[in-house]
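The next block holds one structure in the form of structure tokens; read it before the comments.
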Amino acid sequence: MPEIFSYPASPHLASRIDNRPIDFERIKQATQALSERYDYVLLEGAGGLMVPLTDDLLTIDYLAREKYPLIFVTSGKLGSINHTLLSFEAIQKRNIPLDTVLYNLYPDVEDPTIREDTRHYIATYIQRNFPGTKFISVPIL
């Protein structure tokens, strides 16, 4: 873990509280070292695409700058279609390769109507607008 801050907040605030900037070069070096040892390396963002890393840099802009492909996680909660489609627009605007969309089925719901309709809608949207992007439902474990 190349960067850890003491306060559980967005990176721009956590780094301000700890009075030290995020060391992006350190993150890049750690990513490169892991890439030499493993076929796949996952970088997890804190909170979402539009979370500020600094006062001038959002997570999504960092992804675009580094040309990292994206694995986007969504779910079937009420409001997920809106959240997901807004994220897809931002991804397209920045030409970020959308590798995979993971559709999280957790938590289980008593009435799966919204969850299943949302799954179908997002899967269809991806087929139309992001050909080649994988869509995977993540089961409840």
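Treat each spin label as a single point 7 Å out from the Cα along the C-beta direction, and report the residue 33 to residue 89 distance in nm. Computed distance between label sites residue 33 and residue 89 equals 4.1 nm. Using Cα centres only, tell me the gap between the range 1-39 and the range 105-141 in whole Å. For the range 1-39 versus the range 105-141, the Cα centre distance is 31 Å.
Can you give the helix-only mean residue ellipticity at 222 nm for the chain, where every DSSP H stretch with n ≥ 4 adds -39500 (n - 2.57) and the sum goes over all residues, rounded to the nearest 500 deg cm²/dmol? Numbers along the way, then the final one.
Working: 5 runs with 60 residues, N = 141.
After summing the helix terms and dividing by residue count, I get -13000 deg cm²/dmol.
Rounded, prolate or oblate: which fits the chain when a ≥ b ≥ c are the square roots of the eigenvalues of the alpha-carbon gyration tensor, with rounded for a/c under 1.5 and prolate only if a/b beats b/c? Taking the square roots of the gyration eigenvalues as a ≥ b ≥ c, the chain is prolate.
Between residue 124 and residue 65, the contour length at 0.36 nm per residue exceeds the Cα-Cα span by 18.4 nm. Taking amide hydrogens as placed 1.01 Å from N in the peptide plane, the amide H of residue 135 sits under 5 Å from those of 101, each at least 5 positions away in sequence or on another chain.
If I stretch the segment between residue 114 and residue 102 completely, what's the gain in nm (0.36 nm per residue apart, minus their alpha carbon distance), one decimal? Please report the intermediate quantities before stating the final value.
Details: separation 12, 0.36 × 12 = 4.32 nm, distance 1.69 nm.
Going from the current span to full extension adds 2.6 nm.
Packing around the peptides 51-64, 32-45, taken as the average count of other Cβ atoms within 10 Å per residue, puts them in this order, highest first: 51-64, 32-45.
Calculated FRET efficiency, residue 20 and residue 57, Cβ-Cβ r, R0 22 Å, to nearest 0.05? Present the calculation step by step, with values, prior to reporting the outcome.
On the way: r = 16 Å, r/R0 = 0.71.
That pair, residue 20 with residue 57, gives E of 0.90.
Read the figures in this text as sums done on the coordinates, not as results from a lab. All figures in this text were calculated on a predicted structure; none of them were measured in a lab. When we count neighbours, we look across all protein chains shown, and the Cβ atoms used for this are built from the backbone with ideal geometry, even at glycine.
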